[in-house]
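Please read the structure below before turning to the comments.
Read-outs: derived from the displayed coordinates by stated rules, not from any lab. Just so it is clear, the model here is predicted, and its values are computed rather than measured. So basically every Cβ, Gly included, is an ideal-geometry build from the backbone, and we count neighbours across all protein chains shown.
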Ligand code: MF3
Ligand code: CO
Ligand code: CO
């Protein structure tokens, strides 16, 4: 049985119940998420051939500190960095290190700031210099997958509608959807119920209600869907070493749709690709 609780009076841990947030929480989430979006905007001017992912990580840490925010991944379940940087065939949870990025790489940077106890979780793909047409197409398909998932969000439909929209589109584009990681409830907790799958059927999952806040963060591969986690315990890669991409937004459910809290104030939601009119 799914159950829904008013967030303001709920226990401060993930009990499996789905939190429903009010207008004050939406205001706080807008702030946390916009700080995350501004950091990702700044990175558009920083990611280039020769920069190391540790330098990106340092920037994310400093930007957070400068704005009174803590990077939620730092010391989270033993993870020791302020961001995840996932390059080429790395699907997610790539650990920043001292290896420089090179021309033609595609890298996902995933940032979650905690601001006044509210979590803003978002990630984007950054092309490093000139990239191949196949890589560019993967980025376009992956961002469009995210938008297709967001487009079906409204009270009364099940979370499975998001997965169905993403899977149907991505597979029609001859790409595959990673099954091993999912979106999640977010708000006053980093990873909360419910899980948001990026595949499946509109009849799956709990019903979406006004006041829910969650992420949608599809990982889409050019090759097959299967992944494995490396010996570091974090880095997830495609088994066939095909390119993988991911974009992530945090959204809040409104009376007739949803608000994207992590939209770029600069129109840089797809860095390196033409910005979409909205
Ligand atoms: N930000 C990631 C997400 O989208 C979570 C990263 S957890 C870490 O949910 F420990 F790997 F950093
Ligand atoms: Co997330
Ligand atoms: Co994230």
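Which value at 222 nm does the chain reach when only helices count, each DSSP H run of 4 or more adding -39,500 (n - 2.57), with the total divided by all residues and rounded to the nearest 500 deg cm²/dmol? Don't skip to the end; give the middle numbers.
On the way: 4 runs with 67 residues, N = 278.
That comes out to -8000 deg cm²/dmol.
Kirkwood hydrodynamic radius of the range 1-89 from all distinct Cα pairs, in Å?
Numbers: mean 1/r = 0.0641 Å⁻¹.
One decimal place: 15.6 Å for the Kirkwood radius.
Can you work out the PRE-style zone for residue 4? Point 7 Å along Cα to Cβ, and I want the residues of the range 200-229 with backbone N under 18 Å.
203-215
Pop the C-beta distance of residue 98 and residue 65 into the FRET formula with R0 = 22 Å and round what comes out to the nearest 0.05. Intermediate results must be reported in sequence, preceding the final value.
Numbers: r = 21 Å, r/R0 = 0.97.
Computed FRET efficiency for residue 98 and residue 65: 0.55.
Please give, to one decimal in nm, the separation of the simple spin-label points placed at residue 137 and residue 255, each 7 Å out from Cα toward the Cβ.
4.4
Take residue 204 and residue 15, extend 7 Å from each Cα along the Cα→Cβ direction, and tell me the distance between the two endpoints in nm.
Here the answer is 2.7 nm between the modelled labels.
Taking the alpha-carbon centroid of each part, what is the distance from the range 215-278 to the range 1-27 in angstrom?
25
Let me test this: with uniform point scatterers at the alpha carbons of the range 225-268, what is the Debye-based log₁₀ I(q)/I(0) at q = 0.30, 0.33, 0.34 1/Å?
Values returned for q = 0.30, 0.33, 0.34 Å⁻¹ are -1.06, -1.18, -1.20.
What shape does the range 17-260 have by the C-alpha gyration tensor, where a ≥ b ≥ c are the square roots of the eigenvalues, rounded means a/c under 1.5, and otherwise prolate means a/b greater than b/c and oblate the rest?
Working: a/c = 1.77, a/b = 1.15, b/c = 1.54.
Oblate is the answer for the range 17-260, as a/c is 1.5 or above yet b/c matches or exceeds a/b.
Using Cα-Cα distances under 8 Å and only pairs 6 or more residues apart, what relative contact order does the chain have, in percent?
Values: 702 pairs, mean separation 61.3, N = 278.
Contact order relative to length: 22 percent.
Going highest first, how would you order 189-200, 171-182, 79-90 by mean Cβ packing within 10 Å?
79-90, 189-200, 171-182
Give me the Kirkwood hydrodynamic radius of the range 152-278 in Å, from all C-alpha pairs, to one decimal place? Walk me through the numbers on the way to the answer.
Values: mean 1/r = 0.0640 Å⁻¹.
Computed over Cα pairs of the range 152-278, the Kirkwood hydrodynamic radius comes out at 15.6 Å.
Packing-wise, with mean Cβ within 10 Å as the measure, how do 263-276, 239-252 rank, highest first? Each step should come with its number before you reach the end.
Details: 263-276: 15.9, 239-252: 22.5.
Averaged packing, sorted descending, gives the order 239-252, 263-276.
Please report the antiparallel percentage of DSSP beta bridges with both residues in the chain, rounded to the nearest 5. Spell out each step's value before the answer.
Values: 41 of 44 bridges.
Counting DSSP beta bridges with both partners in the chain, the antiparallel share is about 95 percent.
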